[in-house]
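Trainee: Shown below is the structure under consideration.
The values are calculated or read from the model by the stated rules, or taken from the named source; none is laboratory data. This one's a predicted model, so the numbers in the text were calculated from it and none came from an experiment. So basically every Cβ, Gly included, is an ideal-geometry build from the backbone, and we count neighbours across all protein chains shown.
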């Protein structure tokens, strides 16, 4: 298991899980996909420091300001701490002045004030209309300033797509993890105790599984206008846990009849420990193999909801929203739709590679011992 | 001898695994003449199954590989063909048609979604150019030949609807469907009860006599070989160590390994305090050479025999104490039929009004065919299965009425060791973690380091290496795993242990080692055992007194020797007579019948 204590003894052999991780590393395509994707994801956590219209640091009249970090921490602690956002008016300019313009102004002034911008100096939700040259209307085609062009409102597509990557993957991961926790808990209870609990539990699952997912989500979203976390919770509750519960319940049913469970009972082990210490590690194989494909599913359906306009609240940067913009535009504005589609394709392909690798590494056939 | 049918020459089958190359079959040569039955004997891992699978080219590749040798098939017209070299499409013509196979596990070798009849028809239609209706007629005739009751009904039955013995008969019918020249039977009776085994062996003998078919019979039990084979090949670690006629092997074994295999079977007409094992006869030197230690099987057996008066004294002393466990009118019913509203209409009476006493230090044997309720009885005593009625009194306390926390304390005293060493250890836990788990539950020992030290001691107690604590169960053989299970049961220092078919899944030679270990432990620690098994000879070896169970009820109860030497009930007589003893007289008689 992942969280097993390290043992100092020599002559320690690998657990099944360790063996599978070694097997996974041997499957190069999957392993490199995993490294690239998780690397990019970790990088995308720091998006506010890399791709932002807020500067990393400003020196103005002897004091230092760090607006981008404010933005970064706001993402985590926004609910707890009230952060002050800066704009041009804090630095002796008008409110509409962007930091890019401020940088130029400071340089021209030469008073020792300076602005340090992030690597890519456009943000995902800013509309720098006043910086467009005369007579140019958004959307604009890709150029040196806006790598992937701008969308209909003049927002930078590269910035939006990058933030969208972070949100998509986070959403997929979060929904998968929460569904697994709920699904495994429910499945374990139903499978292990069986009887009447199982009888009624299954009926509840059947009711939930007949709900038409997209329609229910649309209706709920209309009412609730959910935030990121609430939307994820709705996904988990309406759809995510059901499939996992089925799997885990069946695995528990099978495993509880095995003798090692009877042996644990005979030594006086408690039900809870038997369920989660003995049976669970043996019941997890199929659901772990399934996880990457579940993530793909959730990313895909988030894009679908955003596309229909029932997803995350505007102006959250998301792929689905970009695709929707692109689909409604003339084909001469091709860059709006191409960017999110290519990114979506690449991401889903990479996750699929990982999923295939996991499945292969977990395949008992290939690495079974001959008895 | 009659015509040469198959020649195996210097066959080498290797497996390339993560831990290096395993030479499963290492330079094996033998001939097979038409009409004879050749038995291949050896412990698991000796390469006997791989040899037969190599002949059929059923070795998975990779990881398997034919590293050399030939399997030469002699056709009727005198031409020869090397089966290892022909294309796999041609090999399919041989499979099922010229060579067919019966597998060990009848439960899994029939496809559960087809009826038994369909599966046999499929084989016939596949290899012979006849209509389905014709094939059906043939199948029913075959079912009749293998002595299946009501062949028409079995034809339409699904595998789960018939018993294990019947399934094995269907398998035999399927294997014989195309009248193959060679029949390979890979441990066909190992998964079956002794009584069923006897009937299957009789059937195979009859078919042999009627059809003159050629058979390769693979088993780990020399007793079975004595009942059926003409010639014996003894395999050890991928090599043939001895071959000869059955009479020669039984009357005058040459190789120490063969002697070990002969001596390690629990004898029915002697009482021994320990079984000789293969290790008593031979030792593998550091250079891989085999050193012989005892040369005569009779001497080895004589050395361990118990005198009748010693045994009487022991039983007398034992019975003088008050019983440690009393079972009174115990009943365990399972609902069989329910009506629309879930009300139970009828029950399966797995344990039906059973009473007996167990005395401290005693081994009580519990014997019966599978399905007689002996396992349920054991589990009911430990409250792993809820009882319907009756009383279980252990040291004056009524176990069935204990509260949850009292029961937890009671579990320290009463342990159980299960049948299948492959499923009774959690594959995700190191064996050290498995052994210290009961200590953790009951809060014995100050911390895990201290408990781990105890686990190491326990492993040594069951003659395993202490530094194996951090290994996982899959790295051990069946016998070693059963030792680990014993160590786990001993961790709580119980007084009373139920051994539920604990050696039934093991090879005869490994079984002997585990039985000896159990007896040693009993001598050293004074355990009380209930020993459950379907094999009367094993129960007799282990137990002082014995309970014979049939359909949930006690058939006969009393001193083990009395029951074995002088069974009163027809059921017990059937059990006694079903044991393949491998006595010389029996073999001679069989050959006399065959030739005369």
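Trainee: Residue B:503 - would you say it is free of Cβ contacts under 8 Å to residues at least 60 places away in the same chain and touching a helix residue (DSSP H, G or I) at 6+ places or on another chain (Cβ under 7 Å)?
Mentor: yes
Trainee: Sticking with this one: Please determine whether any residue of segment B:200-209 is under 24 Å from residue B:514 (Cβ atoms), assigned to a helix (DSSP H, G or I) and modelled with pLDDT under 85. Steps first, answer last, please.
Mentor: From segment B:200-209, those under 24 Å from residue B:514 (Cβ atoms) are none; that's our starting set.
No, because not a single residue in segment B:200-209 is under 24 Å from residue B:514 (Cβ atoms), assigned to a helix (DSSP H, G or I) and modelled with pLDDT under 85.
Trainee: Please verify whether residue A:311 is within 14 Å of residue A:235 (Cα to Cα), under 15 Å from the mean Cα position of the chain (by Cα) and not in a helix (DSSP H, G or I), treating the condition exactly as stated.
Mentor: Values: within 14 Å of residue A:235 (Cα to Cα): yes; under 15 Å from the mean Cα position of the chain (by Cα): yes; not in a helix (DSSP H, G or I): yes.
Yes, satisfied.
Trainee: Out of all the residues in segment B:547-596, which are in a strand (DSSP E or B) and under 23 Å from residue B:223 (Cα atoms)?
Mentor: B:548
Trainee: From B:114, B:103, which residue is more than 20 Å from residue B:73 (Cβ to Cβ) and crowded, with 18+ Cβ neighbours inside 10 Å?
Mentor: Numbers: B:114 fails: crowded, with 18+ Cβ neighbours inside 10 Å.
From the options B:114, B:103, the qualifying one is B:103.
Trainee: So which of B:179, B:152 ends up being assigned to a loop (DSSP other than H, G, I, E, B) and either modelled with pLDDT under 80 or under 18 Å from residue B:122 (Cα atoms) (or both)? Quick ask: steps written out before the conclusion?
Mentor: Details: B:152 fails: assigned to a loop (DSSP other than H, G, I, E, B).
Being assigned to a loop (DSSP other than H, G, I, E, B) and either modelled with pLDDT under 80 or under 18 Å from residue B:122 (Cα atoms) (or both) holds for just one of B:179, B:152, which is B:179.
Trainee: May I pose another question? Any residue that is over 21 Å from residue A:317 (Cα atoms) and in a helix (DSSP H, G or I) - is there at least one of those in segment A:63-78? Steps first, please.
Mentor: The initial filter retains those residues of segment A:63-78 that are over 21 Å from residue A:317 (Cα atoms), namely A:63-66.
From what is left, the residues that are in a helix (DSSP H, G or I) are none.
Checking segment A:63-78: not a single residue is over 21 Å from residue A:317 (Cα atoms) and in a helix (DSSP H, G or I).
Trainee: Same structure, new question: Take the residues of segment A:269-289 that are crowded, with 20+ Cβ neighbours inside 10 Å and at the interface with chain B (Cβ under 8 Å from one of its Cβ atoms): which is nearest to residue B:429 (Cα to Cα)?
Mentor: A:278
Trainee: Taking into account only those residues within segment A:49-68 that are without any contact (Cβ under 8 Å) to a residue 40 or more places away in the chain and buried (at least 16 other Cβ atoms within 10 Å of the Cβ), which is nearest to residue A:168 (Cα to Cα)?
Mentor: The initial filter retains those residues of segment A:49-68 that are without any contact (Cβ under 8 Å) to a residue 40 or more places away in the chain, namely A:62-67.
In the following step, the residues that additionally are buried (at least 16 other Cβ atoms within 10 Å of the Cβ) were identified as A:65-67.
Values: A:65: 31, A:66: 28, A:67: 25 Å.
It comes out as A:67.
Trainee: Oh, and also: Taking residue B:192 and the conditions (1) over 30 Å from residue B:75 (Cα atoms); (2) surrounded by fewer than 18 Cβ atoms within 10 Å (Cβ to Cβ), which numbered condition does it fall short on, given that it satisfies the others?
Mentor: (2)
Trainee: Taking residue B:373, is it modelled with pLDDT of 90 or more, buried (at least 20 other Cβ atoms within 10 Å of the Cβ) and either away from every other protein chain (no Cβ under 14 Å) or in contact with a helix residue (DSSP H, G or I) (Cβ under 8 Å, 6 or more places away or on another chain) (or both)?
Mentor: Taking the combined requirement at face value, the residue does not satisfy it.
Trainee: Hey, another quick one. Being under 30 Å from residue B:382 (Cα atoms) and either assigned to a helix (DSSP H, G or I) or without any contact (Cβ under 8 Å) to a residue 40 or more places away in the chain (or both) narrows it down to one of A:263, A:327, so name that one. First the steps, then the outcome.
Mentor: On the way: A:327 fails: under 30 Å from residue B:382 (Cα atoms).
On inspection, the qualifying residue turns out to be A:263.
Trainee: Another question about this same structure. Only residues that are touching a residue at least 60 places away in the same chain (Cβ under 8 Å) and either in contact with a helix residue (DSSP H, G or I) (Cβ under 9 Å, 6 or more places away or on another chain) or within 14 Å of chain A (Cβ to nearest Cβ) (or both): list them for segment B:57-75, please.
Mentor: Across segment B:57-75, the qualifying residues are B:69, B:71, B:73.
Trainee: Now, a different point. Helices (runs of 4 or more DSSP H) wholly in segment A:15-59 with at least 2 residues that are within 14 Å of chain B (Cβ to nearest Cβ) - which ones? Even if it seems obvious, please write down each step before you answer.
Mentor: Working: elements: A:16-26, A:28-45, A:47-50.
So the answer is A:16-26.
Trainee: Looking at B:71, B:38, B:8, B:22, which one is under 26 Å from the mean Cα position of the chain (by Cα) and at pLDDT 85 or above?
Mentor: On the way: B:71 fails: under 26 Å from the mean Cα position of the chain (by Cα); B:8 fails: under 26 Å from the mean Cα position of the chain (by Cα); B:22 fails: at pLDDT 85 or above.
It is B:38.
Trainee: Next up: Restricting attention to segment B:352-370, report how many residues are closer than 17 Å to residue B:330 by Cα and surrounded by fewer than 19 Cβ atoms within 10 Å (Cβ to Cβ).
Mentor: 4
Trainee: Can you tell me how many residues within segment B:466-505 are closer than 21 Å to residue B:189 by Cα and surrounded by 24 or more Cβ atoms within 10 Å (Cβ to Cβ)?
Mentor: Of the residues in segment B:466-505, 3 are closer than 21 Å to residue B:189 by Cα and surrounded by 24 or more Cβ atoms within 10 Å (Cβ to Cβ).
Residue by residue, here is whether (1) within 14 Å of chain A (Cβ to nearest Cβ); (2) assigned to a loop (DSSP other than H, G, I, E, B); (3) touching a helix residue (DSSP H, G or I) at 6+ places or on another chain (Cβ under 8 Å); (4) under 23 Å from residue B:205 (Cβ atoms) holds:
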residue: B:12; (1), (2), (3), (4): no, no, no, no
residue: B:44; (1), (2), (3), (4): yes, yes, yes, no
residue: B:55; (1), (2), (3), (4): no, no, no, yes
residue: B:77; (1), (2), (3), (4): no, yes, no, no
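Trainee: Looking at (1) under 19 Å from the mean Cα position of the chain (by Cα); (2) surrounded by fewer than 24 Cβ atoms within 10 Å (Cβ to Cβ), find the lone condition where residue A:225 falls short.
Mentor: (1)
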